[in-house]
Amino acid sequence: MKWRVSDMDKSAAERIAQRFVGLPVEQRRQILNKMHETGQSFKLLPIAVTRHDVARIPLSYAQQRMLFLWQMEPGNAAYNVPMAVRLNGPLDRQALSTALDNLVQRHETLRTRFVSEDGAFYQEILQQATVALEFASVAPADIENQVRAELQKPFDLLSGTLLRVRLFQLGEAEHVLTVCMHHIVSDGWSGEVLIREFVQLYQAQVSGQPAQLPALAIQYADYAIWQRAWLEAGEGERQLNYWKQQLGTEHPLLSLPLDHQRPLQPSQRGATVRVDVPEQLSAQLKSLARNSGQTLFMLTLAALSVVLSRFSGQADIRIGAPNAGRTRSELEGLIGFFINTQVLRVQVDEQQSFAQLLDQVKQVVTGAQSHQELPFEHLVDALAPERNLGHNPLFQFKINQHVLAADDSGQRVSGLTVDEFPIGSSDARFDLAFDFTDTPRGIRGYFTYATDLF
């Protein structure tokens, strides 16, 4: 190999990346091995635009697993990605409808169908699609129930749209807008992208000015093709070897004391308990983490590991942690299913100091971040834990730190005041989960627990 990625200009790197994707898998393996031998990072190559070069666009690995899960329970709405906002003020319904259509035209995932050919599923991108904006007049006393019912409707992944938008009118200048996508084309980050761009597109329609949105270098289909080309060329095996060594061959069930016998089929019904850490104590915790060379996430993970160990009587603690999966700048502005899940193994030794535990946790987290592209479904298939519909494989406790979003409450958009409409979802996909956010007023957290168990 006579070239070095770091010495290339952008266009040359794009050509190399495009050619790599189109090569047979064995040649891709050879190139990747050579790059590793010469200390070059494949991540320096961009994700190329290749969706027009293939006869059939594959699903990403996450989409493939999601479609499998949907086929098992097609009437389950647990993987809906719901959002709702309250709109007060004069609403231009035509501008709203056009803004939604422009959003769908900008993001191909929102006009993607999933089709089956020769026993395999593929993505089919429609050239044009419009949003069927549904409208209903609702009494203010009924709005919460109406919104909840709308957002809990299941999707049909093989026919019908994967984006549903409904406008509820409560009064002459008072509306609630619900937006619901299926997880197979979206995730939490995508929801923020959608709302942010929708606001800009709506403002552009009302003002008659073009929206100032940056061009998208690639689409989700390009990512799906690139992901398979890269992982098939040996990167998947390299990362899988790390996780096999990290997690071992035993995959113990977290044995927390339960109030109810574990059902054979969980209902996924849950409830939440809010935990507010005062500002002063939060500052002390963040100072402790910083002075130890850790992050707040690492400190929280270590503390929860100790608590789980005490309650379960187990020293080997496995905790699931989602990551955004957007390790490249060209993925940050896309709507799509990128989020991935990692299993963080913490071995709690009562003879250790907490400082020693923090050091272990830091190694666990940094190692996981260096091997975060391996799809969770590949890890499950390779480790082959005992399958049981009654609990999640590999871990039963989830931790997630959320980034504090800008406070958009009461923001003005072309004469409208936009406020979040709380939807109060308490689905429990795991036995227990802890979601927390570092806010200016202290750490705000929520424990979500499965009411089947607790």
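Please treat every number below as a calculation from the coordinates, not as lab data. The shown structure was predicted, so the numbers you read here are calculated from the model rather than taken from an experiment. Positions of Cβ are generated from backbone atoms using ideal geometry, with glycine treated the same way; all protein chains shown enter the neighbour counts.
By the count of other C-beta atoms within 10 Å, a proxy for reagent exposure, Lys10, Lys362 are ordered fewest to most as Lys10, Lys362.
Counting only Cβ charges, +1 for Lys and Arg and -1 for Asp and Glu, the dipole size of the chain around its Cα centre is about 820 debye. Using alpha-carbon positions, what is the distance between the centroids of the range 329-407 and the range 66-91, in Å? Spelled out, the Cα-based centre of one part sits 24 Å from the other.
Per residue, what volume in Å³ does the convex hull of the Cα atoms of the range 212-288 enclose?
Per residue, the Cα convex hull of the range 212-288 comes to 366 Å³.
For the peptides 97-104, 40-47, 313-320, the ranking by packing is 97-104, 313-320, 40-47, with the highest mean count of neighbouring Cβ atoms within 10 Å listed first. Ranking of Lys286, Lys398 by neighbouring Cβ atoms within 10 Å, starting from the fewest: Lys286, Lys398. A simple spin-label model places the labels of Met72 and Ala271 2.7 nm from each other, with each point 7 Å out along Cα-to-Cβ.
Available extension along the chain between Asn323 and Ala139 is 62.2 nm, counting 0.36 nm per residue and deducting the alpha carbon span. Using C-alpha pairs below 8 Å separated by at least 6 residues, the relative contact order for the chain is 20 percent. Convex hull volume of the C-alpha atoms in the range 77-207, normalised per residue: 103 Å³.
Let's test the formula: R0 of 45 Å, r as the Cβ-Cβ distance of Ala384 and Glu172. What FRET efficiency results, to the nearest 0.05? Could you put the intermediate results ahead of the total?
Numbers: r = 60 Å, r/R0 = 1.33.
Once rounded, the FRET efficiency stands at 0.15.
At q = 0.10, 0.16, 0.21, 0.26 Å⁻¹ the log10 of I(q)/I(0) for the range 1-91 amounts to -0.51, -0.82, -1.06, -1.36, computed by Debye summation with a single uniform scatterer per C-alpha, solvent ignored.
Relative protection proxy for 211-224, 271-284, 242-255, from highest mean packing down: 211-224, 242-255, 271-284 (other beta-carbon atoms within 10 angstrom). Neighbour counts of C-beta atoms inside 10 Å place Arg164, Arg196 in the sequence Arg196, Arg164, starting with the fewest. Calculated FRET efficiency, Glu332 to Arg93, Cβ-Cβ distance, R0 = 35 Å: about 0.65 to the nearest 0.05.
Within the straight-line cut-off of under 28 Å between alpha carbons, the lysines reachable from Lys10 are Lys2, Lys34, Lys43, sequence neighbours fewer than 8 places apart in one chain being disregarded.
Over all directions, the average projected area of the alpha-carbon convex hull for the chain comes to how many nm²?
24.6 nm²
Rg and Dmax, both from the Cα atoms of the range 255-357 and both in Å, are 17.4, 47.
Full extension of the segment from Glu37 to Phe311, taken as 0.36 nm per residue of separation minus the current Cα-Cα distance, would add 94.0 nm. May I ask which residue of Leu177, Trp230, Ala99 lies farthest towards the positive end of the charge dipole of the chain, with charges of +1 (Lys, Arg) and -1 (Asp, Glu) on Cβ and the Cα centre as origin? Value computed over the given set: Trp230.
If R0 is 41 Å, what FRET efficiency do you get for Gln30 and Gln209 from their C-beta distance, rounded to 0.05? My answer for the efficiency is 0.20. Entry note, the chain: the mean residue ellipticity at 222 nm calculated from DSSP H runs of n ≥ 4, each adding -39500 (n - 2.57), is -11000 deg cm²/dmol after division by the residues and rounding to the nearest 500.
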